[in-house]
Amino acid sequence: MDKKQIYEGVFLPDIIKWGRITNILGLVFAFGPAIVLAVIFKLVPPASAILTGFISIASAVGVLWFVEPMSYFPIVGVAGTYMAFLSGNISNLRIPSAAAAQNVAGVQPGSEEGSIIATIGMSVSVLVNIVILALGVFAGTTILANLPENVVQSLNYLLPSLFGALFVQFALSKPKLAPIALTLGLVFSLLVARGVVPFYTTTLVAVFGTMFIGIALYKKKLI
């Protein structure tokens, strides 16, 4: 078998099988405490409270339930999608790790090779994440308490710096699309900051707006 047949006939079926199993287990464990409280201790909130809570959450972040999987899938592929939504920290850890691994390996996002490399990069990030979290649990408070105040405050810039580096990485490969994505992101970030539009519109417009504009430019042979 060639590599395409191995990828589609061996790799993907196993990934889908174990991805479903692990995500279902994750769902069970996530709802486990609530189920125990309801079944064993008979502590069940009224339906109106459950519905109110669901509507509150859905109205704030519900659109991300659809936007994030569609936005991230082209980068991480099938295996990465299962892994990302099970392990969490998608935008600030998994996607940067996947993108960095693909860049170092010299593979294109969305390709079969890119999917496998993204999976490896994300797997390493999960292991490193566990180690760092373990150290943070046991020593994090002590370490932070002994750091200078300006160093602690500078940690707030880690995530923006990370996204800036990622943007530059992708901008170098798509220089004509980069200004479009940056403009859309900045404009809607300002609109969100002023309370004009909901916060999730930044991701929604920046991702899909750039995609649609890119497709239009491609059809006109401008890129």
Might you let me know whether the range 200-212 holds any residue that is assigned to a helix (DSSP H, G or I), over 18 Å from VAL67 (Cβ atoms) and of a type outside the set (Phe, Trp, Tyr)?
no
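Residue by residue, here is whether (1) buried (at least 24 other Cβ atoms within 10 Å of the Cβ); (2) aliphatic (A, V, I, L, M) holds:
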residue	(1), (2)
SER87	no, no
ILE90	no, yes
ARG94	yes, no
ALA99	no, yes
VAL107	no, yes
GLY110	no, no
ILE116	no, yes
THR119	no, no
Looking at VAL124, VAL137, can you tell me which residue is surrounded by fewer than 14 Cβ atoms within 10 Å (Cβ to Cβ), modelled with pLDDT of 90 or more and of a type outside the set (D, E, K, R)?
VAL124
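Filtering the range 212-223 down to residues that are at pLDDT 85 or above and open to solvent by 60 Å² or more (accessible area, probe 1.4 Å), which residue is farthest from the chain's Cα centre (by Cα)?
Only one residue tops the list, namely LYS220.
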Matching residues, the range 188-204, being in contact with a helix residue (DSSP H, G or I) (Cβ under 6 Å, 6 or more places away or on another chain) and open to solvent by 90 Å² or more (accessible area, probe 1.4 Å):
PHE199
How many of the residues making up the range 19-58 are under 18 Å from MET83 (Cβ atoms) and open to solvent by less than 70 Å² (accessible area, probe 1.4 Å)?
5
Confirm whether TYR82 is in a helix (DSSP H, G or I), open to solvent by 50 Å² or more (accessible area, probe 1.4 Å) and out of contact with any Leu (no Cβ under 8 Å at 6 or more places or on another chain).
yes
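The values are calculated or read from the model by the stated rules, or taken from the named source; none is laboratory data. Every value quoted in this text rests on a predicted model; they were computed, and no experiment measured them. When we count neighbours, we look across all protein chains shown, and the Cβ atoms used for this are built from the backbone with ideal geometry, even at glycine. The area values use the complete protein model at the heavy-atom level, side chains included, leaving out ligands, DNA and RNA. Shrake-Rupley method; radii C 1.70, N 1.55, O 1.52, S 1.80 Å.
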